[in-house]
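Structure first, commentary second.
The values are calculated or read from the model by the stated rules, or taken from the named source; none is laboratory data. Since this is a predicted model, take the numbers as computed values, not measurements. Please note: Cβ atoms are built from the backbone with ideal geometry, for glycine as well, and neighbour counts cover all protein chains shown.
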Amino acid sequence: MRATKNASAEVLPNSPASAKPEWMKKLADGKYLMMLVTPAVICLALFYYFPMYGLIIAFKDYKPFIGLMQSEWVGFENFVRFFNYKYCWRMIKNTFLLSFWSLLWGFPAPIILALVLNECQNMKFKKFVQTVSYMPHFFSTVIVVGLLTMMLSPTGGIVTKALESLGIEATNILADARYFRTLYIASGIWQELGWGAIVYLAALTNIDPQLYEAAVVDGAGKWRCLWSITLPSIIPTIITMLLLRMGSIFNVGFEKAFLLQSPSTYETSEIISTYVYTQGLQSNSFSYGTAVGLFNSIVSLSLVLISNYVAKSVSETSLW
Amino acid sequence: MVEKKFTVGWLLRNLFLWFVVLMVMFPVLHMISVSLSGTWDVITNSVGVWPMVDGKFGATLAVYKFVLAKPLIFTAYKNTIVYTVLGTAIALFVLSTGAYALSKADRLPGGKFLNILVMITMFFSGGMIPGFLCIKWLGMLDTIWAIVLPHAFGAYNCIIMRSFFQGFPKEIEESGRLDGLNDITILWYLVLPTSTAVLATIGLFVAVSQWNGFMGPLIYLNDESKYPLQIILRQIVMESVMDEFEGAARDTTFAENSIKYATIAVAVIPIIAVYPFLQKYFVKGVMIGSVKG
């Protein structure tokens, strides 16, 4: 490294400088930092930016044995093929709806839990509820879907049995496309309810108790306090969280949909990321799979940018 | 609080909270109960939320002994532990050095630009297929490196650490410099010893995601002897691949559901066991993340 030659010239930034040009001094001053950042830069380059460069195969007809450079350019052919695929809109719709319904049902749940927990006077009980409800957040997707599969199994699943004893035929819930979204969303709430409440609980503890005291003196009841003090105080947090979620509405995780789906539920369960996997890695259509994935990334990136723009103008909070 | 305690509101609140607790606990309790119950009780579906042996309350560890003695599961367990330990160590090294340098963006040549590059990876990535081709091109397919390296440097964790390091007192750093320390030795002797809280928090986040990792192993590994627990878990629980158990299952006659639940329990129990002690670190991590986020 060139900078190491200047080791003798290394001085405190504000001490009288030698005659070296400015940029050399900067290099000499920052050389140890550059060494420290090297592993991170290598990781960034190899595992983040190199794959981004690899996105160009979306515009090529990539053949592994010819190589990336020699493969033929095909322009937007792969994208056109995707938009002409008969299930294309079904997948886009499924991706969007899965996310949209998750947001609609899943977003208010942690807020409600946080509001109720905040009212709880018994600290031990509060702590217990928190400990229990945070726990599923740390379970893997395989475990959550595994538990779901087991409990709904036609052969001896406890939920199937309970429904049967109520006279409801429930032998086929996992293979029925109508229930896929319900299962996906319900298990999502089960897993993230407590964890999602942490942020709101923190916002709630920051409210000045004097506000409540003053309100009670003025004759305000519980509901009035909730409506006029508690909710307005956590609205900024709610808006920020909502916008964050809106931005990622087209960014549905691969794992859970993949694990929970089966060909019999594709009508509602096939989303873009699982299609990318089956096309790109199981059928080895690398270019086509990349093109579909790129389409998905571009849509989600635009949504992040839009929601961030809205966030900036509405609440003066933004991601960057 | 000079408030009468037993109001309707109090009752509804407590009912709601108990409902949440029961809903969360139920699948876990049921899973553990079935895995601890006798074969006959499982086959007749008489197990609810406590274990039964021969129609009475009781527990047996027979299924666990059976499951853990299977080479497939034992190897997978060992692999998961190796991936988790190595992955966490590598991630902490790359993150702490990288985040410290990036927290001094004004002195690090190109630091501001690098910070932007880190930020971009939070919102845009090459995606699944280019990621796979990249690992393949690097010759890492079917090796441990494909599991422990790609996510060692995560933007979110880096930003949490960076904002923590930014809070390190300038005076201490300056006095270290006067004593002849450079940036590397300052990080090692002064900053890291006072950063155990953030190291523990990030270390735990990384460890949990390595322990739970499924997509990476699914895409990058083909060799069964390298599979982590999550892949084996899926094979047994969701695809009912019971070859491993066929021969023995006939002799010892364990119910299929007992075996499946016991396999899940084996993967979950370490998390349930350590989690309550580490809870405060996790919560701290969320708070740092959301303040800066």
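Taking the conditions exactly as written (under 29 Å from A:Ser273 (Cβ atoms) and surrounded by 15 or more Cβ atoms within 10 Å (Cβ to Cβ)), does B:Ala105 satisfy them or not? No: the conditions fail for B:Ala105.
Take the conditions farther than 21 Å from B:Arg234 by Cβ, in contact with a Pro (Cβ under 6 Å, 6 or more places away or on another chain) and among the polar types (S, T, N, Q) and apply them to A:Thr171. Does it pass?
Numbers: farther than 21 Å from B:Arg234 by Cβ: yes; in contact with a Pro (Cβ under 6 Å, 6 or more places away or on another chain): yes; among the polar types (S, T, N, Q): yes.
Spelling it out, A:Thr171 is indeed farther than 21 Å from B:Arg234 by Cβ, in contact with a Pro (Cβ under 6 Å, 6 or more places away or on another chain) and among the polar types (S, T, N, Q).
Against the test of being surrounded by 21 or more Cβ atoms within 10 Å (Cβ to Cβ), out of contact with any Gly (no Cβ under 9 Å at 6 or more places or on another chain) and aromatic (Phe, Trp, Tyr), the options B:Tyr77, B:Tyr100 yield a single qualifying residue, B:Tyr100.
For segment B:59-71, does any single residue satisfy the condition of being more than 14 Å from every other protein chain (Cβ to nearest Cβ) and within 30 Å of A:Ile42 (Cβ to Cβ)? Checked against the condition, which is being more than 14 Å from every other protein chain (Cβ to nearest Cβ) and within 30 Å of A:Ile42 (Cβ to Cβ), segment B:59-71 yields no hits at all. Picking from residues in segment B:36-54 that are within 13 Å of another protein chain (Cβ to nearest Cβ) and among the small types (Gly, Ala, Ser), the one that is surrounded by the fewest Cβ atoms within 10 Å (Cβ to Cβ) is B:Ser46.
What number goes with the only condition from (1) closer than 20 Å to B:Val241 by Cα; (2) at pLDDT 95 or above that B:Tyr77 does not pass? For B:Tyr77, the failing item is (2). What residue, among those in segment A:94-138 that are polar (S, T, N, Q) and more than 7 Å from chain B (Cβ to nearest Cβ), is farthest from A:Arg181 (Cα to Cα)? Among those residues, the one meeting the criterion is A:Asn122. Selection of segment A:271-287 for residues being out of contact with any Phe, Trp or Tyr (no Cβ under 7 Å at 6 or more places or on another chain) and at negative phi yields A:Ile271, A:Ile272, A:Tyr275, A:Val276, A:Thr278, A:Gln282, A:Ser283, A:Ser285.
Looking at segment A:139-147, can you tell me whether even one residue there is at the interface with chain B (Cβ under 10 Å from one of its Cβ atoms), loosely packed, with under 14 Cβ neighbours inside 10 Å and part of a helix (DSSP H, G or I)? It would help to see each step written out before you state the result.
The initial filter retains those residues of segment A:139-147 that are at the interface with chain B (Cβ under 10 Å from one of its Cβ atoms), namely A:139-147.
Add one more test, that the residue is loosely packed, with under 14 Cβ neighbours inside 10 Å, and what stays is none.
Looking through segment A:139-147, none of the residues is at the interface with chain B (Cβ under 10 Å from one of its Cβ atoms), loosely packed, with under 14 Cβ neighbours inside 10 Å and part of a helix (DSSP H, G or I).
Where in segment B:125-206 are the helices (runs of 4 or more DSSP H), entirely inside, with at least 2 residues that are more than 9 Å from chain A (Cβ to nearest Cβ) and either of a type outside the set (D, E, K, R) or in contact with a helix residue (DSSP H, G or I) (Cβ under 6 Å, 6 or more places away or on another chain) (or both)? Break it down into steps so the answer makes sense when it comes.
Numbers: elements: B:128-137, B:145-148, B:155-166, B:170-178.
It comes to B:145-148, B:155-166, B:170-178.
Test A:Leu231 against the stated conditions and say whether it is surrounded by 14 or more Cβ atoms within 10 Å (Cβ to Cβ) and not polar (S, T, N, Q). Against the criterion (surrounded by 14 or more Cβ atoms within 10 Å (Cβ to Cβ) and not polar (S, T, N, Q)), A:Leu231 does not qualify.
Looking at A:Thr160, A:Thr155, A:Thr182, which is the one that is out of contact with any helix residue (DSSP H, G or I) (no Cβ under 7 Å at 6 or more places or on another chain), under 30 Å from A:Ile298 (Cα atoms) and β-branched (Val, Ile, Thr)? Lay out the reasoning, then the answer.
Values: A:Thr160 fails: under 30 Å from A:Ile298 (Cα atoms); A:Thr155 fails: under 30 Å from A:Ile298 (Cα atoms).
Residue meeting the stated conditions: A:Thr182.
Given the criterion modelled with pLDDT under 90, within 30 Å of the chain's Cα centre (by Cα) and either part of a helix (DSSP H, G or I) or not aromatic (Phe, Trp, Tyr) (or both), identify the matching residue among A:Ile207, A:Ile168, A:Ile189, A:Ile185. Steps first, answer last, please.
Details: A:Ile168 fails: within 30 Å of the chain's Cα centre (by Cα); A:Ile189 fails: modelled with pLDDT under 90; A:Ile185 fails: modelled with pLDDT under 90.
Going through A:Ile207, A:Ile168, A:Ile189, A:Ile185 in turn, the sole match is A:Ile207.
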